[in-house]
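Chemist: One structure is given below, represented as structure tokens, and several questions about it will come after.
Values quoted throughout were computed directly from the atomic coordinates according to the rules given, and no laboratory measurement underlies them. Just so we're clear, the structure is a prediction, and the values are computed from it rather than from any experiment. Note that each Cβ is placed from the backbone with ideal geometry, even for glycine, and that neighbours are counted across all protein chains shown.
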Amino acid sequence: MLSFADAVRDALCGVQVAVKHLDETGLRVEGRNRWQHVICSLTLSHFRMGAGRGDLLSGVSGIAVHDNWASYARMEEVVHGLCNAHHMRELQALVDIEKEAWAAMMQTILLDAKRAAASARANGRDHVAAHVVKAIDERYDTCIAQGLSLHENQPPAETRTARQIPPRTTKTANRTQSRAAIA
């Protein structure tokens with residue numbers, strides 16, 4: 001018989017839970033670096049320790065919402081959704097540090113999409129009206145084009161070592177360009 005923790009893990013990995021969220025955080029355990037991994041839904045959570053950040057569960061299916069860490073790309077059996085909480089933090093950094101207006105517009109668009117989904121659920125609907133989705137998509141595409149245009153017109157960034165803060169890139173624009181961003 002499975003332990004409770006194993007049953008929760010198996011339910012979250014399998015088709016019983018359609019949408020699952022994955023994340024990880026580093027911490028010290030007995031003087032060594034370890035990673036605590038979580039896979040969760042609205043009602044279930046499974047935490048486990050791993051030796052590395054990329055020490056992911058196998059056999060995960062369904063929709064996996066995550067922060068786009070490169071290791072998640074190895075999960076081939078899932079439909080990837082990107083975490084908008086991470087997008088919002090990255091966009092805020094672009095607003096605060098780089099003063100990029102498109103990033104503030106994208107934050108508004110993502111929050112408007114969230115409000116539209118919440119409104120639909122509150123009114124007993126399982127989807128956002130097509131005309132609302134179309135309007136959000138148009139604003140989204142326009143904003144992405146502005147962000148990409150800004151970054152494509154910048155001079156090349158200076159070379160830095162891998163352990164330094166990465167140079168200015170289109171990382172956020174590339175991440176938010178994917179339709180997975182508004183899943």
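Chemist: In Å, what Rg and Dmax follow from the Cα atoms of segment 19-82?
Modeler: When restricted to the Cα atoms of segment 19-82, Rg and Dmax are 11.8, 37 Å.
Chemist: Per Stokes-Einstein, at 25 °C and 0.890 mPa s, what whole-number D in µm² s⁻¹ belongs to segment 68-132, with the Kirkwood radius over Cα pairs as the hydrodynamic radius?
Modeler: Result for D is 176 µm²/s.
Chemist: Quick one: Kirkwood hydrodynamic radius for segment 12-118, alpha-carbon pairs, angstrom, one decimal?
Modeler: Values: mean 1/r = 0.0645 Å⁻¹.
The Cα-based Kirkwood calculation yields 15.5 Å.
Chemist: Follow-up. Ratio of the chain's C-alpha Rg to 2.2 N^0.38 Å, to two decimals? Don't skip to the end; give the middle numbers.
Modeler: Numbers: Rg = 18.8 Å, N = 183, 2.2 N^0.38 = 15.9 Å.
Scaled against compact globular proteins, the figure is 1.18.
Chemist: Using R₀ = 30 Å, calculate the FRET efficiency as 1/(1 + (r/R₀)^6) where r is the Cβ-Cβ separation of Trp69 and Ala129; round to 0.05. Don't jump to the answer; show the numbers that get you there.
Modeler: On the way: r = 34 Å, r/R0 = 1.13.
Computed FRET efficiency for Trp69 and Ala129 comes out at 0.35.
Chemist: Quickly work out the Asn33-to-Asp137 label distance, labels modelled 7 Å from Cα along the C-beta direction, and quote it in nm with one decimal.
Modeler: Modelled inter-label distance: 4.3 nm.
Chemist: By count of other Cβ within 10 Å, fewest leading, how are Met88, Met49 ordered? Before the final figure, lay out each step's value.
Modeler: Numbers: Met88 16, Met49 11.
Ranked by crowding around the Cβ, least crowded first: Met49, Met88.
Chemist: Also: Could you size up the charge dipole of segment 10-134 around its Cα centre, putting +1 on the beta carbon of Lys and Arg and -1 on that of Asp and Glu, and report it in debye to the nearest 20?
Modeler: It works out to roughly 240 debye.
Chemist: Here's a follow-up. How high is the FRET efficiency from Phe47 to Ile97, r the C-beta distance, R0 25 Å, rounded to 0.05? Please report the intermediate quantities before stating the final value.
Modeler: Values: r = 33 Å, r/R0 = 1.31.
Calculated transfer efficiency: 0.15.
Chemist: A further question follows. Shape of segment 98-146 from its Cα gyration tensor (a ≥ b ≥ c, root eigenvalues): rounded if a/c is under 1.5, otherwise prolate when a/b > b/c, or oblate?
Modeler: Working: a/c = 5.33, a/b = 2.06, b/c = 2.59.
Oblate, since a/c reaches 1.5 and b/c is not below a/b.
Chemist: Let me ask something additional. What's the magnitude of the charge dipole for segment 23-69 around its Cα centre, counting Lys and Arg as +1 and Asp and Glu as -1 at the beta-carbon? Answer in Debye, nearest 20. If you can, show how the numbers build up before the last one.
Modeler: Numbers: 5 positive and 5 negative charges, 35 e Å.
The dipole of segment 23-69 has a size of about 160 debye.
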